[in-house]
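Worksheet: one structure, shown below.
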Amino acid sequence: MSLFLFRYIIIVYPINYTVFIVSNARLPESCRRSAPPIFNKENPMQHYHQFFINGQFVTPHGKETLDLFSPVDNQHVAQVTLGDETDTQRAVAAAKAAQKSFADSTPAQRAAYLQSFKRALEHRKSDLVEAMIEEYGGVRVFVEPLIEGAIADVQTMIDLLESYPFERRVGSSLVCLQPVGVVGVVIPWNASNLFICGKISAAIAAGCASVIKPSELSARQTQVMMECFAAADLPAGLVNVVNGLGNVVGNEITRHPDIAKITFTGSTNVGKTIARGAVESMKRVTLELGGKSPNVILDDADLAQVLPQAVGAAYMNSGQACVAATRLLVPQSKLAEVNAIVKATVEQAFQPGNPSDAKVMVGPAVSRSQYERVQEYIRIGIEDDGAELLTGGLGKPTGLEAGNFSKATVFTNVGNNMRIAQEEIFGPVLCIIPYQDEADAVAIANDTAYGLAAYVSSASRERALAVAAKLDAGQVKINNPFAHDNQAPFGGMKQSGIGREYGEFGISAYLEPKAIVG
């Protein structure tokens, strides 16, 4: 399972970290009157029983509900109504109606709508952060800068609209880039609102209306985001949101003839299902899928500096990240030294705890089923693969038995053919894989079905660049696993997906070129 683009947290050394402070803002009174309230500490049991369609909060046609539980203690905290095919069809119809006029909007008009959306997000930063922490257990040190980054993604599209050439001369012809049409946006629970901001801002910038199917596990995150859409006063039908299951709402989006494009972040298996369904009506697709990212530490790197960062890159979002650097490739000759530093770093600075605590770097799994998945992979590593357990292991950390917490686990001297090295675990499990020389490191790094992200550390920037050029990954970060450029393309090779997002590459995915010749 893949699902997340980690981009903004900066880990300096085991116990130091950077945290962005966000304001405790609230939705304007006018919007609070039209939207149901979010989490109330005096009444923690919440009911999310409305969708956002055609610019309004509406009662769903679907009647099925889903109970949601806190990942920290598994207490029943919310219930969400799940949409059905009728809800989805209503949302698509609203988007189709909006698309007719919005396709002719100017870049300046689109930028103005994005500015309004950005102001709404800034007003609700505190609520956006708390929703992530309490709903899926994202650690505070991770989610605060992440929301800042989501808002920055909207600003990137605003800036891009000042200069993006929607018409250009090619040879003796005029090429017009026109909106692809109504977009289906299907996203996961692990940083749901980051994905919404990135995808929706690109769609609006390109002139596209959209229908969003968030994860059913993200009801609270989705509620806050819907309130932001309401506060932004976007054209009716430009953005529509329907909660629901993938095999109901997702399938309807995939087969609906009025959806022109689907942008999906999620698991490789689900991405393949969407691609198969989309081809029936020739929908365009952008798929950001799974990963098993290698982190290559070259033999000239300062281990005391790069290894704590490497642990942070592996455990980002508690390991629930598609770009998590869960394969740590190190020189065989330095394996003992690596083991000592990594073990000390994990045991001193990366022990699981309450995700609301600003000092905690590892939180719980989103659900019991995800916790059980992680536990099964730890068992496989110990019993089936026969890997050497460096720290962590099976079971829950002491004092955290009520929640979905796994021990921060490291296997060392791992063979790259082991299941724990080849399959995406989506939890706090790191594999240390020794290599013989640089060529061997590159071969091991590329020996995977995935190709989303990769990392290289070296005392020589030129040497790091040379290795980066040989790695099969859509994005390679050198000498800083937390470096980010939100204008650079992001996406995967091989089983990690199709297409790119962010910046000029991102907006182009929502546009169709039309050549006018003569």
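The values are calculated or read from the model by the stated rules, or taken from the named source; none is laboratory data. From a predicted model like this one, the values you see are computed outputs, not experimental measurements. As a convention, Cβ positions derive from the backbone with ideal geometry for all residues, glycine included, and neighbour counts pool all protein chains shown.
Data overview
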| quantity | calculated |
| --- | --- |
| Odd one out for ALA445 among (1) surrounded by fewer than 22 Cβ atoms within 10 Å (Cβ to Cβ); (2) touching a residue at least 24 places away in the same chain (Cβ under 8 Å); (3) not in a loop (DSSP other than H, G, I, E, B) | (1) |
| Elements of type strands (runs of 3 or more DSSP E) in region 277-337, at least 3 residues being in contact with a helix residue (DSSP H, G or I) (Cβ under 9 Å, 6 or more places away or on another chain) and closer than 15 Å to ASP437 by Cα | 294-297, 327-331 |
| Filtered residue count, region 309-339, keeping only those that are of a type outside the set (Val, Ile, Thr) and closer than 15 Å to ALA483 by Cα | 8 |
| Residue within region 343-351 that is within 14 Å of ASN404 (Cβ to Cβ) and either outside any loop (DSSP other than H, G, I, E, B) or among the aromatic types (Phe, Trp, Tyr) (or both) present | no |
| Selection count where residues are assigned to a strand (DSSP E or B) and surrounded by 17 or more Cβ atoms within 10 Å (Cβ to Cβ), scope region 499-517 | 2 |
| Qualifying position, being surrounded by fewer than 17 Cβ atoms within 10 Å (Cβ to Cβ) and in contact (Cβ under 8 Å) with a residue 60 or more places away in the chain, among ASN413, ASN417, ASN404 | ASN413 |
| Answer residue from region 364-419, given it is hydroxyl-bearing (Ser, Thr, Tyr) and assigned to a loop (DSSP other than H, G, I, E, B) and is farthest from GLU337 (Cα to Cα) among those | SER367 |
| Hits in region 448-489 (condition: farther than 17 Å from MET418 by Cβ, part of a strand (DSSP E or B) and out of contact with any helix residue (DSSP H, G or I) (no Cβ under 7 Å at 6 or more places or on another chain)) | GLY451, ALA453, GLN475, LYS477 |
| All positions within region 164-212 that are without any contact (Cβ under 8 Å) to a residue 12 or more places away in the chain and either in a strand (DSSP E or B) or buried (at least 24 other Cβ atoms within 10 Å of the Cβ) (or both) | GLU167, ARG168, ARG169 |
| Which listed residue is in contact (Cβ under 8 Å) with a residue 24 or more places away in the chain, under 25 Å from GLY403 (Cα atoms), outside the structural domain of GLU424 (by TED's automatic domain parsing) and of a type outside the set (A, V, I, L, M, F, W, C), from GLY266, GLY312 | GLY266 |
| Check on ARG373, surrounded by 24 or more Cβ atoms within 10 Å (Cβ to Cβ), assigned by TED's automatic domain parsing to the domain that holds ARG419 and closer than 21 Å to SER496 by Cβ | no |
| Test result for PRO107, under 29 Å from LYS359 (Cα atoms), in the same structural domain as ALA205 (by TED's automatic domain parsing) and either within 20 Å of the chain's Cα centre (by Cα) or not hydrophobic (A, V, I, L, M, F, W, C) (or both) | no |
| Filter pass, ILE274 being in a loop (DSSP other than H, G, I, E, B) and aliphatic (A, V, I, L, M) | no |
| Residue satisfying condition, being in contact (Cβ under 8 Å) with a residue 40 or more places away in the chain, surrounded by 22 or more Cβ atoms within 10 Å (Cβ to Cβ), touching a Pro at 6+ places or on another chain (Cβ under 8 Å) and within 24 Å of LYS477 (Cβ to Cβ), within set VAL241, VAL330, VAL296 | VAL330 |
| Looking only at region 213-231, and only at residues there that are of a type in the set (D, E, K, R) and surrounded by 24 or more Cβ atoms within 10 Å (Cβ to Cβ), the one that is nearest to LEU128 (Cα to Cα) | ARG220 |
| Residue count for region 41-61, restricted to those that are modelled with pLDDT of 95 or more and in a loop (DSSP other than H, G, I, E, B) | 7 |
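Residue-wise test of (1) of a type in the set (A, V, I, L, M, F, W, C); (2) at positive phi.
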{"position": "THR156", "(1), (2)": "no, no"}
{"position": "LEU160", "(1), (2)": "yes, no"}
{"position": "SER163", "(1), (2)": "no, no"}
{"position": "SER172", "(1), (2)": "no, no"}
{"position": "GLN178", "(1), (2)": "no, no"}
{"position": "VAL186", "(1), (2)": "yes, no"}
{"position": "ALA191", "(1), (2)": "yes, yes"}
{"position": "LEU194", "(1), (2)": "yes, no"}
{"position": "LYS199", "(1), (2)": "no, no"}
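For every residue, the table says whether it meets (1) in contact with a Pro (Cβ under 9 Å, 6 or more places away or on another chain); (2) at positive phi; (3) in the same structural domain as ALA103 (by TED's automatic domain parsing).
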{"position": "TYR450", "(1), (2), (3)": "no, no, no"}
{"position": "ALA454", "(1), (2), (3)": "yes, no, no"}
{"position": "SER460", "(1), (2), (3)": "no, no, no"}
{"position": "LYS470", "(1), (2), (3)": "no, no, no"}
{"position": "VAL476", "(1), (2), (3)": "no, no, no"}
{"position": "ASN479", "(1), (2), (3)": "no, yes, no"}
{"position": "GLU501", "(1), (2), (3)": "yes, no, yes"}
{"position": "SER508", "(1), (2), (3)": "no, no, yes"}
{"position": "LEU511", "(1), (2), (3)": "yes, no, yes"}
